[in-house]
């Protein structure tokens, strides 16, 4: 068995994937043509070019614009199915997908309607491929006023039924300081809603510390600058805060010079529950399998630590504890069987 075959065959969990950056380019262009986007926008050709050859540093901007090319609830259902299919083909068993509701207000009248459409797509994925999808409700750094509304919906009966498992703060870190979201995140914590925060992009270690101090996250996304501080790594480990890294994103937007600078082994050595995800795979030209393979190729991970990283994605997920424990044991058994096949080959 090749290394590529081993990674492909590993059962996995994906906890760092944003729907708006995961839509296949061909599907987006199909929607644009079918929904008459080209005729209604003078800038369409420029955005079309960015879909075909994305500029990673404009990923948030591209995702916001192109998600507006979806004009019907059936478009949303199709997107979820295609994204789920791509995950299932990588042997992902469970995924938490982040979605920003403000980007779909032109085609939905309520959050209930939005998640009905999203879950219609996810039910088709589960029926066809066995992949379970849950949702993180994204509040954007650019729109702090929406955060409290999202917390209320997520903790409502409708939100729980919609498979919303957490709240996520994302977007450009420079848009608003973490403190602007403190009230909403305290409400979320009080009500038992789990919380993820993208931090460190522009503010580096100070951004990570501000997120921890103001928002009490269960999970940090990227956390650039963390590895440079022993004290902060101890703080994160002792606080049980998981860290999820988009390695391709980190390199392509200039957070690090190369993948081996990310410091995954340093985080593992400090007891941090660190994992790897795709983030916006259509815009960073990656897949979850490719993330593992690239990290292995540059020496940022070993085959043993890839297994640790993959199991940490289960541990850092927002699944119930008993489900996580069972899944970790199932994955360990599967990895051991794959190792035996590798040695036999």
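The values are calculated or read from the model by the stated rules, or taken from the named source; none is laboratory data. Please read all numbers here as calculations on a predicted model, not as lab measurements. Every residue, glycine among them, receives a Cβ derived from its backbone with ideal geometry; neighbour counts consider all protein chains shown.
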- Message: Which pairs turn up if I take residues in segment 73-100 that are more than 29 Å from residue 311 (Cβ to Cβ) and look for partners that are surrounded by fewer than 19 Cβ atoms within 10 Å (Cβ to Cβ) with beta carbon separation below 6 Å, at least 6 apart in sequence or on another chain?
- Response: 77/120
- Task: Output yes when any residue across segment 296-307 is touching a residue at least 40 places away in the same chain (Cβ under 8 Å), touching a strand residue (DSSP E or B) at 6+ places or on another chain (Cβ under 8 Å) and not in a loop (DSSP other than H, G, I, E, B), and no when none is.
- Result: no
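Per-residue answers, yes or no, for (1) surrounded by fewer than 21 Cβ atoms within 10 Å (Cβ to Cβ); (2) modelled with pLDDT of 95 or more; (3) on the phi > 0 side of the Ramachandran plot:
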| site | (1), (2), (3) |
| --- | --- |
| 18 | no, yes, no |
| 33 | yes, no, no |
| 37 | no, no, no |
| 41 | yes, no, no |
| 55 | yes, yes, no |
| 62 | no, yes, no |
| 78 | yes, yes, no |
| 86 | yes, yes, no |
- Message: Where the second residue is part of a loop (DSSP other than H, G, I, E, B) and at pLDDT 95 or above and the first is under 14 Å from residue 95 (Cα atoms) and lies in segment 106-130, which pairs have Cβ atoms under 9 Å and are six or more apart or on separate chains?
- Response: 118/162; 118/163; 119/162; 119/163; 122/131; 122/163; 125/131; 129/89
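Within segment 311-326, track down each residue that is in contact with a helix residue (DSSP H, G or I) (Cβ under 8 Å, 6 or more places away or on another chain) and surrounded by 23 or more Cβ atoms within 10 Å (Cβ to Cβ). Please lay out each step first, then the result.
Going residue by residue through segment 311-326, those that are in contact with a helix residue (DSSP H, G or I) (Cβ under 8 Å, 6 or more places away or on another chain) are 311, 314-315, 317, 319, 324.
Hits for segment 311-326 are 314, 317.
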- Query: Between a first residue in segment 195-206 that is touching a residue at least 60 places away in the same chain (Cβ under 8 Å) and a second residue that is assigned to a strand (DSSP E or B) and buried (at least 24 other Cβ atoms within 10 Å of the Cβ), which pairs have beta carbons less than 7 Å apart while being 6 or more apart in sequence or on different chains?
  - Reply: 196/136; 196/168; 196/219; 196/221
- On the given criteria, is residue 223 touching a residue at least 40 places away in the same chain (Cβ under 8 Å) and in contact with a strand residue (DSSP E or B) (Cβ under 7 Å, 6 or more places away or on another chain)? no
- Note on the structure: For segment 152-189, the count of residues that are under 19 Å from residue 132 (Cα atoms), touching a residue at least 40 places away in the same chain (Cβ under 8 Å) and part of a helix (DSSP H, G or I) equals 2
- Message: Quick check on my filter: what residues within segment 234-275 are within 21 Å of residue 60 (Cβ to Cβ), touching a residue at least 40 places away in the same chain (Cβ under 8 Å) and either outside any strand (DSSP E or B) or more than 16 Å from the chain's Cα centre (by Cα) (or both)?
- Response: 246, 247, 248, 249, 252, 253, 254, 255
- State whether one or more residues within segment 282-295 are out of contact with any strand residue (DSSP E or B) (no Cβ under 9 Å at 6 or more places or on another chain), at pLDDT 95 or above and farther than 22 Å from residue 19 by Cα. yes
- Query: Which one of 116, 74, 112 is crowded, with 17+ Cβ neighbours inside 10 Å and outside any loop (DSSP other than H, G, I, E, B)?
  - Reply: 116
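Table: residues versus (1) under 25 Å from residue 288 (Cβ atoms); (2) crowded, with 20+ Cβ neighbours inside 10 Å; (3) in contact with a helix residue (DSSP H, G or I) (Cβ under 6 Å, 6 or more places away or on another chain).
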residue: 188; (1), (2), (3): no, yes, yes
residue: 192; (1), (2), (3): no, no, no
residue: 195; (1), (2), (3): yes, yes, yes
residue: 210; (1), (2), (3): no, no, yes
residue: 213; (1), (2), (3): no, no, no
residue: 221; (1), (2), (3): yes, yes, no
residue: 230; (1), (2), (3): no, no, no
residue: 239; (1), (2), (3): no, no, no
residue: 246; (1), (2), (3): yes, yes, no
- Residue set 98, 59; condition in contact with a strand residue (DSSP E or B) (Cβ under 9 Å, 6 or more places away or on another chain) and assigned to a helix (DSSP H, G or I); output residue 59
- Query: For segment 127-147, what are the residues that are part of a helix (DSSP H, G or I) and exposed (fewer than 15 other Cβ atoms within 10 Å of the Cβ)?
  - Reply: 127, 128, 145
- Message: I want to confirm something. Restricting to segment 5-41 and keeping residues that are assigned to a loop (DSSP other than H, G, I, E, B) and closer than 23 Å to residue 101 by Cα, which single residue is nearest to the chain's Cα centre (by Cα)?
- Response: 22
- Query: Just for segment 162-181: of the residues that are modelled with pLDDT under 95 and surrounded by fewer than 18 Cβ atoms within 10 Å (Cβ to Cβ), which one is nearest to the chain's Cα centre (by Cα)?
  - Reply: 172
- Message: without any contact (Cβ under 8 Å) to a residue 12 or more places away in the chain, out of contact with any strand residue (DSSP E or B) (no Cβ under 7 Å at 6 or more places or on another chain), in a helix (DSSP H, G or I) and more than 23 Å from residue 154 (Cβ to Cβ): is that true of residue 231 in this structure?
- Response: yes
